[in-house]
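Step one of this worksheet: look at the structure below.
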Amino acid sequence: MLIYGRNPVTEALREGRVEEVLLAHGVEEAFARQLRALAEQAGVRVRQAPRIELDQLAGTTAHQGVLAEAEELRWSDPQAVWDLAESRGDAPLLVLLDGITDPRNFGAIVRSAEVLGAHGVVVEERRSAPLSAVVAKTAAGATAYLPLVQVKNLPRFIEDIKAQGVWVYGAAGEAAQPVEQLDLSGPVALVIGSEGDGLRRLVRERCDGLVSIPVRGQVQSLNASVAAGILIYEAARRR
């Protein structure tokens, strides 16, 4: 796959997933030197190219002057989530996405989850944006460090993790219980629904509770990725 953006390409080089790097003419020398040094360590060729070539290959001008041909992003085994939590000595903190089909929202949630210390993001096979260059760019390299898990049936996955002692809370703007009233210090999964429809009925019914973020303005809802970031931060703060 083609990935673009400085953080995604840099992290892919560090992971050893890159086959070739294209660097636009005119990129500042400090970044170019850093990139070439990483590429040399990885045994990867760096080719300079006109910026318009990168525009055409990426299908956008938002590539920050660098593009790479890399191995496809891959879904992680579900066990990777528990292994990461155990390696850190943490109670598991999962982020479950129910119908997040916008790749920018998906990537932004992955970025927040990794930065704030969650142990994995879980999506359902039929109701999620695919792993793509847009997801990788928006996640700013976080896909290299955070397990991303795809399951066939999210309600069933919720039942499975509840049996393992994880408390599951769904985000819902109309919920009476605000996030600050929850005990988020133990094993927790936060479920984020789609922008338009929120959580599906089967997902809602399997949550241990629904939680809201108090709002003060006239607009009564938050973007899904912003809501996810607030909830993940609140869970991380309790730890």
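Computed quantities for the displayed model
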item	result
DSSP-defined antiparallel bridges as percent of all bridges, the chain, nearest 5	25 percent
FRET efficiency, 1/(1 + (r/R0)^6) with R0 25 Å, evaluated for D55 and T101 via beta carbons	0.45
Within the accessible area of the chain (1.4 Å probe), percent carbon and sulfur	47 percent
For the range 114-239: relative contact order, % (alpha-carbon pairs under 8 angstrom, 6 or more apart)	27 percent
From phi via Karplus (6.51, -1.76, 1.60), per-residue ³J(HN,Hα) for the range 144-149 in Hz, x at Gly/Pro	6, 10, 10, x, 10, 10
Accessible area per residue in Å² at 1.4 Å probe, computed on the chain	48 Å²
Residue with peak Gaussian network fluctuation, the chain [Cα springs, cutoff 10 Å], from P178, P92, P130	P178
Beta bridge orientation in the range 121-239: antiparallel %, DSSP, nearest 5	10 percent
Segment E29-Q48, length gained on full extension (0.36 nm per residue, minus Cα span)	5.6 nm
Solvent-accessible surface ranking, highest first, for T101, T60, T10 at 1.4 angstrom	T101, T60, T10
E159 paired with R88, simple spin-label distance in nm, labels 7 Å along Cα-to-beta-carbon	2.9 nm
Relative contact order of the chain, pairs being alpha-carbon contacts under 8 Å that are 6 or more residues apart, as %	21 percent
Spin-label pair R239/K152, simplified geometry with 7 Å Cα→Cβ offset, distance in nm	3.0 nm
Point-charge dipole on Cβ atoms (K/R +1, D/E -1) for the range 132-181, about Cα centre, debye to 20	260 debye
Solvent-accessible area of D83 with every protein chain in place, 1.4 Å probe, in Å² to the nearest 10	80 Å²
Angle in degrees between helix 79-88 and the longest Cα principal axis of the chain, rounded to the nearest 10	90 degrees
Ordering of 189-198, 113-122 by packing [mean C-beta count within 10 Å, highest first]	113-122, 189-198
Accessible surface of W167 - all protein chains present, 1.4 Å probe, nearest 10 Å²	140 Å²
Which label in (i) -0.33, -0.60; (ii) -0.41, -0.68; (iii) -0.25, -0.49 gives the computed log10 I(q)/I(0) by the Debye sum over Cα atoms at q = 0.08, 0.11 Å⁻¹	(i)
Residue among I100, I52, I161 with the largest mean-square fluctuation in a Gaussian network model of the chain, springs linking Cα atoms under 10 Å	I52
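The values are calculated or read from the model by the stated rules, or taken from the named source; none is laboratory data. Because the structure is predicted, anything quoted here is derived from the model rather than measured. Positions of Cβ are generated from backbone atoms using ideal geometry, with glycine treated the same way; all protein chains shown enter the neighbour counts. SASA here: full protein model, heavy atoms, side chains in, ligands and nucleic acids out. Shrake-Rupley method; radii C 1.70, N 1.55, O 1.52, S 1.80 Å.
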